[in-house]
């Protein structure tokens, strides 16, 4: 496909989405416009082929899966479909490719649509919705710079962001099970962490339904979740390989530091240097550009430890599931902020809800004081 036709398709996709979103928030429309400009710029700068190597060559893998499925070279292998095909992300792109959209652009369009859906979910939870509150909400839920960055790439991150948000916000067991199955096709250990976290919180709430959470409760959830994730990794290796043994890391300063680094967004400082795809300087500069990668986990950690009484069942689900997930991924060589992006929207919603609740309580105390005076 020529670069001119690729550009024309970008304009066409943007036009269709802007028409469909004409009665929606200006934020969603702005995201489409920024996406179209950034996507066109990326293709012009690197070319239609070389752009697949920008940031992550996983884009090339996704493009190859779309082409494989589009050419009717269907793989008759359950393991491939569940762990390698990433079907929730690639199959919709196959449909778009079938109507003539370039395969990489089809994947990027799916990434954008997932970002728009996540953003819409976030905006519906913000009251009052003003320009100021909308911008701060985008920043604190990774739907701003982070979301837009990943929406211009042929990667599955924005879809996992959307599914994780839906899982946490939903109270329907059917919806949660469906979302978990889709997440399993994208990242199995993420789905397992959410399902197990939901089960643990459900049991816990039935044992003590009316009691307020404390720092001890949160600390126990973090430590206990990390231990469960550590155990899950070992069990998963034994189950998939059939080899008996112990495959998790041994406990000590190093693994504890790696786990703690996930709560402040500095994972790259605690992993082995040979596993890093970029230099430390590049990673630091990237953090300056994507400052939310540090801001969100730091604020989340600070608030759950200083205001534990504000944690309801939904917020405890985020705390517990993230702890399990971190305990699991720190056993691998792939622990990075990219691995944790799926949790950032729900972390941000926890931040926004706790701070809003705190502001409301402060306002009520002020009103009571004035009445007394």
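Nothing in this text is a laboratory measurement; each read-out follows from the coordinates by a stated rule. Every value quoted in this text rests on a predicted model; they were computed, and no experiment measured them. Neighbour counts run over all protein chains shown; Cβ positions are idealised from the backbone, glycine included.
Potential lengthening of the chain between residue 64 and residue 177 amounts to 37.8 nm, from the contour at 0.36 nm per residue minus the alpha-carbon distance.
Rounded if a/c is under 1.5, else prolate if a/b beats b/c, else oblate: with a ≥ b ≥ c from the C-alpha gyration tensor eigenvalues square-rooted, which is region 82-126? Oblate, since a/c reaches 1.5 and b/c is not below a/b.
How high is the relative contact order of region 187-355, in percent, counting Cα pairs under 8 Å that sit 6 or more residues apart? Relative contact order here is 42 percent.
Residues within the reach of a label modelled at residue 48 (point 7 angstrom out along Cα to beta-carbon, backbone nitrogen below 17 Å), restricted to region 1-22, are 1-13.
When the Gaussian network model of the chain links Cα atoms closer than 10 Å, the mean-square fluctuations of 128, 255, 188 top out at 128. How large is the Kirkwood hydrodynamic radius of region 187-355, counting all unique pairs of alpha carbons, in Å? Roughly 16.6 Å, rounded to one decimal.
By the helix-only formula, in which each DSSP H run with n ≥ 4 contributes -39500 (n - 2.57) and the sum is divided by residues, the chain has a 222 nm mean residue ellipticity of -23000 deg cm²/dmol. Between residue 238 and residue 256, the contour length at 0.36 nm per residue exceeds the Cα-Cα span by 4.2 nm. The alpha carbon convex hull volume per residue for region 1-171 rounds to 123 Å³. Distance between the 7 Å Cα→Cβ label points at residue 216 and residue 309: 1.6 nm. Each part reduced to its alpha carbon centroid, region 48-74 and region 302-359 end up 32 Å apart.
A straight chain from residue 227 to residue 11 at 0.36 nm per residue would run longer than the Cα-Cα distance by 72.9 nm. Using only alpha-carbon positions in the chain, the gyration tensor eigenvalues give semi-axes of 34, 28, 19 Å once each is multiplied by 5 and square-rooted (largest first). Taken over the alpha carbons of region 31-76 as equal point scatterers, the Debye sum produces base-10 log I(q)/I(0) values at 0.13, 0.16 Å⁻¹ of -0.40, -0.56.
Take every Cα pair under 8 Å whose residues are at least 6 apart in sequence, average their separation, divide by the length of the chain, and the relative contact order is 19 percent. Using a simple spin-label model with pseudo-atoms 7 Å out from Cα toward Cβ, residue 284 and residue 80 lie 4.5 nm apart.
When the Gaussian network model of the chain links Cα atoms closer than 10 Å, the mean-square fluctuations of 218, 78, 201 top out at 78.
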